[in-house]
1. For the range 380-409, which residues satisfy the criterion of being assigned to a loop (DSSP other than H, G, I, E, B) and either hydrophobic (A, V, I, L, M, F, W, C) or crowded, with 22+ Cβ neighbours inside 10 Å (or both)?
2. Determine whether Ala215 is crowded, with 16+ Cβ neighbours inside 10 Å and modelled with pLDDT of 90 or more.
3. Can you run down the residue pairs with Cβ atoms below 6 Å, 6 or more apart or on separate chains, where the first is in the range 145-174 and assigned to a loop (DSSP other than H, G, I, E, B) and surrounded by 15 or more Cβ atoms within 10 Å (Cβ to Cβ) and the partner is at pLDDT 55 or above and polar (S, T, N, Q)?
4. Quick check: anything in the range 294-303 exposed (fewer than 14 other Cβ atoms within 10 Å of the Cβ) and either of a type in the set (Asp, Glu) or at pLDDT 80 or above (or both)?
5. Determine, yes or no, whether Leu308 is modelled with pLDDT under 75, among the aliphatic types (A, V, I, L, M) and outside any helix (DSSP H, G or I).
6. For Val42, are the conditions met, namely being among the aliphatic types (A, V, I, L, M), touching a strand residue (DSSP E or B) at 6+ places or on another chain (Cβ under 8 Å) and closer than 21 Å to Phe132 by Cα?
7. Go through the range 56-105 and report how many residues are outside any strand (DSSP E or B), among the aliphatic types (A, V, I, L, M) and more than 19 Å from Ser139 (Cα to Cα).
8. What number goes with the only condition from (1) under 19 Å from Gln135 (Cβ atoms); (2) in contact with a Phe, Trp or Tyr (Cβ under 9 Å, 6 or more places away or on another chain) that His26 does not pass?
Amino acid sequence: MSLLDYESKFTSMNLNKRRGGGRSPHKVAMLLSVMQLIEKGVIKENAIFFDEHLLTEFTHQFSFLARANDQNSPYLPFFHLRTDGFWHHRIKPGKAQVYRGLSRASSASAISKIIEYAYLDDELFELLNNDFVRQFLKSSLINNLAAVDQRGLLKSGNSWDWLECELVVRDYFDMLMKELKGIAFKKSEHRKNLLPKLNNRSVGAVEFKHQNISAVLVEMGQPYIVGYKPAFNYQGLLKDVVLAYFAGNGDALEYFSTEADLPAVVDYSSVNWRGVYDAEVPEILTGYPKSERSYIARKTNFAAREQLNRTLGLNGESFVLDFERYRLTSLGRDDLAQEVVWASSEEGDGLGYDIRSYNAETEKELFIEVKTTRSGKYSPFYITENEVMFSREYSSQYSLYRVYQFSDSPKLFQLDGAVDKNAHLQPQVYKAGFNVLS
């Protein structure tokens, strides 16, 4: 759901009627309490416990909203917010049947005995981690402001507001889905449809924002639209919007992630070998941002993903093998071309490289590690510690060939020398060991 969908839910919540008229403030006070605890950093994960932090904050928020006859009963909204569609309960083991039989919460102890914690829609939780969005939704809860007034709460100077970013992010992912599926689309048509919905943004500004989204996706290790070169100096709000999109579209995250690594077979008869080599090497990204919060949980078939990566990798290695033979032949070294070896296939994996080729001038061996993706040039890749160590030890004879756009028009660029001198390495996998007891 979009931000405006949640705004609509917040302004149309099912609130109990007060005695003597009016609506009960309990649900509003509970949601305001949760927002405040997120803002304070007390709630860091999507788990809202019925604990002292929540009870204290609820009492504080309730005191501003309550009338004389209103009772400070936080267990009521903690339970009954489940009817509003975005608030859910994690039930304690063995208590599911009891929970299903409850129509109302009778006391705080009933909550503690049955419910482990409450949690929000993943997308809503991501939204509430943004300051402007919290203010926007707070106003929806308390004042039910006119739309134009609420929109003003989302703005930060002349920067793009949340709703603008949300529009351009959804448009971007629509194009990305089409690209991954091989469906033709025109970026100009997408811009034409998008511009009237934005705040007097130029075509260039929209293009740059699309490039910013590419950068966010590259940092997340996800595929991006090849035609939008990543621009890393992006607005912080934009990443929050992308995370919120993924939180509400978990299937899309899994699809984007696996689709980019599907095996691809290249029709070598149609390959223009002269146009394969890309001499422009991406600049190393310094100060690579670290994630301060965990990503939304998602289902991933790791065995299938690993198999897809292996097949894609083998196809990429075969491609580089033929490219190397073409390269050496075109330099007049047919003799060396005949001696190029697919080492990882013929001699076994774990050597620290895949292809053993030659420098046409010095005739020294050239050790080539191949990394392949169906996505764009700037997509990150995974490399083992063994491969990194080999690149350091044999740096003068080592090259990493990055093969990209492998599904339709494969190209490659070359990183010579130690890998960590050419790319920023982030630890992703750790070796776990145990003491051997005698």
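The values are calculated or read from the model by the stated rules, or taken from the named source; none is laboratory data. Keep in mind it's a predicted model, so treat the numbers as computed, not measured. FYI the Cβ positions are ideal-geometry reconstructions off the backbone, even for glycines, and counts take in every protein chain you see.
1. Listed by number, the residues that qualify are Phe381, Ile383, Phe406.
2. Numbers: crowded, with 16+ Cβ neighbours inside 10 Å: yes; modelled with pLDDT of 90 or more: yes.
So Ala215 fits the description; yes.
3. Leu145/Ser139
4. Checked the range 294-303: no residue is exposed (fewer than 14 other Cβ atoms within 10 Å of the Cβ) and either of a type in the set (Asp, Glu) or at pLDDT 80 or above (or both).
5. no
6. Numbers: among the aliphatic types (A, V, I, L, M): yes; touching a strand residue (DSSP E or B) at 6+ places or on another chain (Cβ under 8 Å): no; closer than 21 Å to Phe132 by Cα: yes.
Here the answer is no, as Val42 does not meet what is asked.
7. Residues in the range 56-105 being outside any strand (DSSP E or B), among the aliphatic types (A, V, I, L, M) and more than 19 Å from Ser139 (Cα to Cα): 6 in total.
8. (1)
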